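Below: one structure, written as structure tokens.
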Amino acid sequence: MAAIVSTVEVAGTPDEVFAYVVDPDRFPEWQAGVVDGQLEGETAEVGAKCTTTRRIGGRERTVVSELVRLDPPRAWGVRGTDGPIRAAVDVTVEPVPGRRACTVRIDVDFEGHGIGKVLVPLLVRPQSRREMRGNMARLKQRLDDAAGSASDDRDAAG
């Protein structure tokens, strides 16, 4: 099956948008079910491990992914390394010409191992598809609100 692709236009510069979208510490702010996210080490680099804890079916489950692509402020990608359901997530940030805005595209795909082979098509993909609509709406609201506050601060200072 093809990846689940979600796109949204948000306010902000590529640097601001990219920094927010790919920061695991910020995932709980805009991703449904995420209760914690962390990137190992001081700085992001290819090969770094990213841990994300999600509440699934009333239980918390922590998964580990490896950072496989890093091209700030444009592209970021992780691949799951453990468990029966392993996500592949690719984020692309593109500036909107002539505006202080960006298009964020998130591609999510899953690979099932063991029982995950059954769960991915029956439960995981449909749930992820539903969650991504809400995730992208929350992402837009967070970044648009932050850009509005920054704009208000600049206007007041000027």
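The values are calculated or read from the model by the stated rules, or taken from the named source; none is laboratory data. Note that the structure is a prediction, hence the values are computed from the model and not measured. Neighbour counts run over all protein chains shown; Cβ positions are idealised from the backbone, glycine included. The accessibility values were calculated without ligands, DNA or RNA, using every heavy atom of the protein model including side chains. Shrake-Rupley method; radii C 1.70, N 1.55, O 1.52, S 1.80 Å.
Just one of (1) in a strand (DSSP E or B); (2) among the aliphatic types (A, V, I, L, M); (3) within 13 Å of the chain's Cα centre (by Cα) fails for L70. It is (3).
Every condition in (1) touching a Ser or Thr at 6+ places or on another chain (Cβ under 8 Å); (2) open to solvent by 70 Å² or more (accessible area, probe 1.4 Å) is met by K117 except one, and the failing one is (1).
Filtering the stretch 1-46 to residues that are surrounded by fewer than 16 Cβ atoms within 10 Å (Cβ to Cβ), among the hydroxyl-bearing types (S, T, Y) and within 14 Å of the chain's Cα centre (by Cα) leaves only T7. On the stretch given as the stretch 69-95, residues that are closer than 15 Å to T13 by Cα and either without any contact (Cβ under 8 Å) to a residue 12 or more places away in the chain or among the basic types (K, R) (or both) total 1. Exactly one residue out of G148, G98 is of a type outside the set (S, T, N, Q), more than 16 Å from I4 (Cα to Cα), surrounded by fewer than 12 Cβ atoms within 10 Å (Cβ to Cβ) and in contact (Cβ under 8 Å) with a residue 24 or more places away in the chain, and it is G148. Scanning the stretch 49-80 for residues that are among the small types (G, A, S) and modelled with pLDDT of 95 or more yields S65, A75, G77, G80.
Scanning the stretch 15-47 for residues that are free of Cβ contacts under 8 Å to residues at least 12 places away in the same chain and over 16 Å from V91 (Cβ atoms) gives P28, E40, G41, E42, T43.
On inspection, D71 does not qualify as touching a Pro at 6+ places or on another chain (Cβ under 6 Å), among the acidic types (D, E) and open to solvent by 40 Å² or more (accessible area, probe 1.4 Å). Based on this model, can you work out whether R105 counts as in a strand (DSSP E or B), open to solvent by 50 Å² or more (accessible area, probe 1.4 Å), more than 16 Å from V17 (Cα to Cα) and of a type outside the set (A, V, I, L, M)? Against the criterion (in a strand (DSSP E or B), open to solvent by 50 Å² or more (accessible area, probe 1.4 Å), more than 16 Å from V17 (Cα to Cα) and of a type outside the set (A, V, I, L, M)), R105 does not qualify. Restricting V89, V22, V8 to residues that are of a type in the set (A, V, I, L, M, F, W, C), under 22 Å from F110 (Cβ atoms) and in contact with a Gly (Cβ under 8 Å, 6 or more places away or on another chain) narrows the list to V89.
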